[in-house]
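The values are calculated or read from the model by the stated rules, or taken from the named source; none is laboratory data. Since the structure is predicted, the reported quantities are computational estimates derived from the model, not experimental observations. When we count neighbours, we look across all protein chains shown, and the Cβ atoms used for this are built from the backbone with ideal geometry, even at glycine. Heavy atoms of the whole protein, side chains included, go into the accessibility calculation; ligands, DNA and RNA do not. Shrake-Rupley method; radii C 1.70, N 1.55, O 1.52, S 1.80 Å.
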Amino acid sequence: MKFYVLDLGYQEEDKNFMVAGTNQATIHNPNPDFEWIRIPMQAFLIDHPQGGYILFDTGCAPDHKEVWPAFIEEQSPYIATDEQHLMNRLAAIGVKPEDVRTVIMSHLHVDHAGCLSFFKNAEVYVHDDEFTNTICNYIKGEDINVHVPCDIERFMNAHLHWRTVTNEEKEIEVAQGVTIVNFGSGHSWGMLGLRVDLENTGSLLLAADAIYMEENIYPELHLPGIIFDPQGYRRTVKFILDYVKKHNCKLIYGHDMKQFSSMKHSEEGYYD
């Protein structure tokens, strides 16, 4: 089994979106400087000897500048070269969208679901609450924030093969050594993670935005600034930390530039 880390560029934004209260005002410093940071955009591809190609998340839409709501580009501009777009990253290792048999969506936010509509042959796993609320709020015309209309319209029109994961389904093995882990609500309505058990590298747990970066949990819990369910987030963090200890996993954060920079990316090779 081969595990590829796909470098899809980066976003820039106020660190308070990632770690709330990063630069808090005080009576002696009522107007603190903000910290403008870069966070990695990433997806992960597994080449499984029996399960075929399995993709975790799909990054941002390649035409994001034309289709995103203006507020996203204003608060979190996305920067990527042509080669960093998902389709080109896959092509560079000889994979076409139609080759991918399984897609696991951590959730359906703009920086994770942007290329989902390309994978018309795949079975697409998504949390049932995430799927239901995203579609319902879109149809009702309610504010869906970073679940953006263009992504929703595209994957609806693509007639994808959906497989929703209910709250009762705690783990689903999609192939030997590749297990979906149901995190529940927190960062969004419903979050999925993925455990990958590699022969030489060991076990990895992909947390996606259930935990943005190490700073959210060490030395103590710090909530992110973008969050749907704070209590669910706290519950999920505890579950994840217990899970990685129980299964001896290395935790892969959703947007930790320090960790991401230390990893081997697909243009350099793969983990096995």
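Across segment 63-74, the number of residues qualifying as under 26 Å from residue 190 (Cβ atoms) and either touching a helix residue (DSSP H, G or I) at 6+ places or on another chain (Cβ under 6 Å) or in a loop (DSSP other than H, G, I, E, B) (or both) comes to 3. The condition (being buried (at least 20 other Cβ atoms within 10 Å of the Cβ) and at pLDDT 95 or above) is satisfied by just one residue among 177, 193, 202, 184: 193. Summed over segment 64-91, the residues that are open to solvent by 20 Å² or more (accessible area, probe 1.4 Å), out of contact with any strand residue (DSSP E or B) (no Cβ under 6 Å at 6 or more places or on another chain) and modelled with pLDDT of 95 or more give a count of 7.
Might you let me know whether segment 263-272 holds any residue that is in contact with a helix residue (DSSP H, G or I) (Cβ under 7 Å, 6 or more places away or on another chain), part of a loop (DSSP other than H, G, I, E, B) and either closer than 16 Å to residue 207 by Cβ or among the aromatic types (Phe, Trp, Tyr) (or both)? No, segment 263-272 contains no residue that is in contact with a helix residue (DSSP H, G or I) (Cβ under 7 Å, 6 or more places away or on another chain), part of a loop (DSSP other than H, G, I, E, B) and either closer than 16 Å to residue 207 by Cβ or among the aromatic types (Phe, Trp, Tyr) (or both). When residue 35 is tested against the conditions (1) surrounded by 11 or more Cβ atoms within 10 Å (Cβ to Cβ); (2) within 17 Å of residue 3 (Cα to Cα); (3) free of Cβ contacts under 8 Å to residues at least 60 places away in the same chain; (4) not polar (S, T, N, Q), the lone failure is (2). How many of the residues in segment 92-106 are open to solvent by 10 Å² or more (accessible area, probe 1.4 Å), out of contact with any helix residue (DSSP H, G or I) (no Cβ under 9 Å at 6 or more places or on another chain) and in contact (Cβ under 8 Å) with a residue 24 or more places away in the chain? The total comes to 3.
Looking at segment 208-252, which of its residues are among the polar types (S, T, N, Q), touching a strand residue (DSSP E or B) at 6+ places or on another chain (Cβ under 9 Å) and open to solvent by 60 Å² or more (accessible area, probe 1.4 Å)? The one that is among the polar types (S, T, N, Q), touching a strand residue (DSSP E or B) at 6+ places or on another chain (Cβ under 9 Å) and open to solvent by 60 Å² or more (accessible area, probe 1.4 Å): 248. When the residues of segment 196-228 are filtered to those that are closer than 24 Å to residue 55 by Cβ and among the charged types (D, E, K, R), the one that is nearest to the chain's Cα centre (by Cα) is 209.
Of a type in the set (D, E, K, R), more than 19 Å from residue 151 (Cα to Cα) and open to solvent by 40 Å² or more (accessible area, probe 1.4 Å), is that true of residue 13? So residue 13 does not fit the description; no. Among the conditions (1) open to solvent by 10 Å² or more (accessible area, probe 1.4 Å); (2) closer than 27 Å to residue 99 by Cβ; (3) touching a residue at least 12 places away in the same chain (Cβ under 8 Å), residue 5 misses just one, which is (1).
Restrict the check to segment 107-129 and report whether at least one residue is of a type in the set (A, V, I, L, M), within 17 Å of the chain's Cα centre (by Cα) and surrounded by fewer than 21 Cβ atoms within 10 Å (Cβ to Cβ). Checked against the condition, which is being of a type in the set (A, V, I, L, M), within 17 Å of the chain's Cα centre (by Cα) and surrounded by fewer than 21 Cβ atoms within 10 Å (Cβ to Cβ), segment 107-129 yields no hits at all. Of the residues examined, residue 243 is one that is of a type in the set (Phe, Trp, Tyr), in contact (Cβ under 8 Å) with a residue 60 or more places away in the chain and in a helix (DSSP H, G or I). Across segment 1-57, the qualifying residues are those that are in a loop (DSSP other than H, G, I, E, B) and small (Gly, Ala, Ser), and the one among them that is modelled with the highest pLDDT is 51. Scanning segment 133-145 for residues that are open to solvent by 10 Å² or more (accessible area, probe 1.4 Å) and under 29 Å from residue 99 (Cβ atoms) yields a single hit, 135.
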